[in-house]
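The values are calculated or read from the model by the stated rules, or taken from the named source; none is laboratory data. The structure displayed is predicted, hence computed values, not measured ones. No Cβ is skipped: glycine too gets one built from the backbone with ideal geometry, and neighbour counts run over all protein chains shown.
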Ligand code: GLN
């Protein structure tokens with residue numbers, strides 16, 4: 001059985017009522033068939049911190065599906081379900097979506113209620129969606145958005161999201177209709193177009209859109225194939241009529257460190273509730289109490305028992321975050337770390353606000369590289385990549401590598417922005433899925449989805465026409481990214 005929130009500390013404890021998003025999906029007719037694996041309390045980027053086993057990558061079992069919403073991404077990518085919920089605090093929906101080749105959407109902070117979501121870092125936590133298509137993400141957002149009395153940060157319903165959900169559905173129907181009438185005299189008359197939300201001009205579906213390419217995302221850690229995929233997609237946007245311009249987000253580098261300070265500080269407070277008495281693990285706590293009787297002091301036996309429960313129940317990554325979080329928020333002197341991190345968070349938000357005065361969309365890679373190898377012993381022995389890079393030679397450096405994988409998703413999280421990871425093909429070097437991020441201004445979820453839907457259609461068409469784009473960038477004439485056989489057989 002999947003432990004709740006991936007943690008022994010919660011065990012098989014289950015809430016008595018549905019989370020807000022789950023309840024709304026059921027009301028909309030969804031058939032909820034199960035819960036999926038995730039990193040412990042959402043802390044992780046690969047799925048490896050889940051306490052009851054890894055989730056494997058659906059295309060390559062020696063690789064990680066990404067995290068923390070690992071099981072949801074793998075389930076959608078492998079066709080077990082068409083749609084899944086995830087959560088996104090610093091990238092946990094977008095990162096696994098990118099690694100697994102599905103759509104991952106994080107709405108504007110507050111667009112979807114957090115009620116029922118196990119809290120990690122409450123000032124960043126967002127329910128997110130993993131889907132095969134952008135239109136499915138729009139439909140899910142429309143079904144779950146809106147104010148909730150039980151979550152004070154929720155925003156009112158955005159009518160544009162509802163309009164978009166209808167528009168993308170209409171486009172899908174129109175396309176299917178056109179397909180079914182191929183060769184016949186085509187007419188769309190019997191499919192009534194909703195009043196156009198999507199800006200478009202025939203032949204140039206992204207006309208009027210201004211797209212920013214942030215120069216700070218061209219980092220040394222960016223893999224060649226990811227960079228080529230990203231710049232090729234920027235070219236595709238331009239061919240589709242968008243005005244593509246370089247922009248600057250100067251505080252990008254500092255964002256990751258700030259994120260890990262803020263996330264740890266809030267996590268140590270949020271996780272205080274797992275004391276071995278409330279939620280799961282009561283039996284385990286009692287067993288600990290008995291086993292370590294000598295430790296239970298006269299002064300506060302509960303405190304001792306709870307500390308020993310927490311020490312045994314939390315995994316290494318969670319313990320590390322709780323300790324770091326307690327350190328940075330535990331004394332007036334150390335409060336400077338959190339203060340500095342909050343200032344950086346503000347600076348990152350201001351950077352985006354400036355940029356969104358000039359452009360409608362920021363286009364960035366989702367992750368610096370494709371899915372990394374899993375760190376199980378078997379894979380370790382088999383995979384030379386491990387041995388060669390030495391990067392993953394210890395669990396400690398693996399954890400640093402996992403933090404680095406978040407560098408491109410965390411800035412939009414700190415700024416509370418709506419953000420979608422769109423699968424654009426298989427990278428020519430690794431043969432694994434590559435995703436690009438479509439980021440819109442705060443509250444403009446409909447822009448992120450509408451833009452991504454247009455781009456998705458073109459990327460698919462390019463794939464159909466012979467598999468890929470960006471051929472100019474490779475010496476042997478192969479396209480940098482695509483869905484074709486060439487990409488599948490390259491590794
Ligand atoms: N990998 C990041 C972390 O471990 C993000 C996780 C998330 O979005 N839940 O904190």
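Looking at the stretch 152-170, is at least one residue closer than 24 Å to residue 6 by Cβ and in contact (Cβ under 8 Å) with a residue 60 or more places away in the chain? No, the conditions are met nowhere in the stretch 152-170. If only residues of the stretch 255-275 that are surrounded by 18 or more Cβ atoms within 10 Å (Cβ to Cβ) and more than 16 Å from the ligand (Cβ to nearest atom) are counted, the one that is farthest from the chain's Cα centre (by Cα) is 275.
When the residues of the stretch 106-129 are filtered to those that are more than 13 Å from the ligand (Cβ to nearest atom) and within 12 Å of the chain's Cα centre (by Cα), which remaining residue is farthest from residue 82 (Cα to Cα)?
Pass one, the stretch 106-129, residues more than 13 Å from the ligand (Cβ to nearest atom): 107-108, 110-113, 115-116, 129.
Checking which are within 12 Å of the chain's Cα centre (by Cα) leaves us with 107, 129.
Working: 107: 19, 129: 11 Å.
Selected residue: 107.
Flag set for residue 214, criterion: modelled with pLDDT of 95 or more and touching a helix residue (DSSP H, G or I) at 6+ places or on another chain (Cβ under 8 Å). Among the numbered conditions (1) more than 10 Å from the ligand (Cβ to nearest atom); (2) buried (at least 24 other Cβ atoms within 10 Å of the Cβ), the only one that residue 59 does not meet is (2).
Scan the stretch 404-434 for residues that are on the phi > 0 side of the Ramachandran plot and in contact with a strand residue (DSSP E or B) (Cβ under 6 Å, 6 or more places away or on another chain) and jot them down.
425
Considering the stretch 182-206 alone, what residues qualify as being exposed (fewer than 13 other Cβ atoms within 10 Å of the Cβ) and at pLDDT 70 or above? Hit for the stretch 182-206 is 203, nothing else.
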